[in-house]
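Just below is one structure, and these are the notes that go with it.
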Amino acid sequence: TEWQLQHTELLNKVRGQIETEGKTVFTENQNSFNLRGRTAVLGGKPDLIGVSGATGTILDAKTGQPSPSHHVQVLL
């Protein structure tokens, strides 16, 4: 529960910053995707996507201890 509260607080803070820049922001479930390849499906749900014109920025907020899996998740 504590992690969820911290994560939500961070998302709200970052979302506010992005909106201040005049960008449209899409949050979590709005960003869900599945890419079907020949042998596998890659799926995900970025925390935030900020859009301005034809340019988008994907953000994934992390709270707590860094983990090697975080690097892989963000790279994908």
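When the range 30-47 is limited to residues that are in contact with a strand residue (DSSP E or B) (Cβ under 6 Å, 6 or more places away or on another chain) and among the polar types (S, T, N, Q), the one that is most open to solvent (accessible area, probe 1.4 Å) turns out to be 34. Can you tell me how many residues in the range 48-76 are without any contact (Cβ under 8 Å) to a residue 40 or more places away in the chain, surrounded by 10 or more Cβ atoms within 10 Å (Cβ to Cβ) and in a loop (DSSP other than H, G, I, E, B)? Counting residues in the range 48-76 that are without any contact (Cβ under 8 Å) to a residue 40 or more places away in the chain, surrounded by 10 or more Cβ atoms within 10 Å (Cβ to Cβ) and in a loop (DSSP other than H, G, I, E, B) gives 3.
Residues in the range 1-23 that are of a type in the set (Ser, Thr, Tyr) and open to solvent by less than 100 Å² (accessible area, probe 1.4 Å): 8 only.
So that you can scan it fast, the table gives a plain yes or no per residue for (1) touching a Leu at 6+ places or on another chain (Cβ under 9 Å); (2) at pLDDT below 95:
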| site | (1), (2) |
| --- | --- |
| 5 | no, yes |
| 16 | no, no |
| 19 | no, no |
| 34 | yes, no |
| 39 | no, no |
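The values are calculated or read from the model by the stated rules, or taken from the named source; none is laboratory data. Every value quoted in this text rests on a predicted model; they were computed, and no experiment measured them. Cβ sites come from the backbone with ideal geometry, for glycine too, and all protein chains shown count toward neighbours. Side chains included, ligands, DNA and RNA excluded: accessible areas come from the protein's heavy atoms. Shrake-Rupley method; radii C 1.70, N 1.55, O 1.52, S 1.80 Å.
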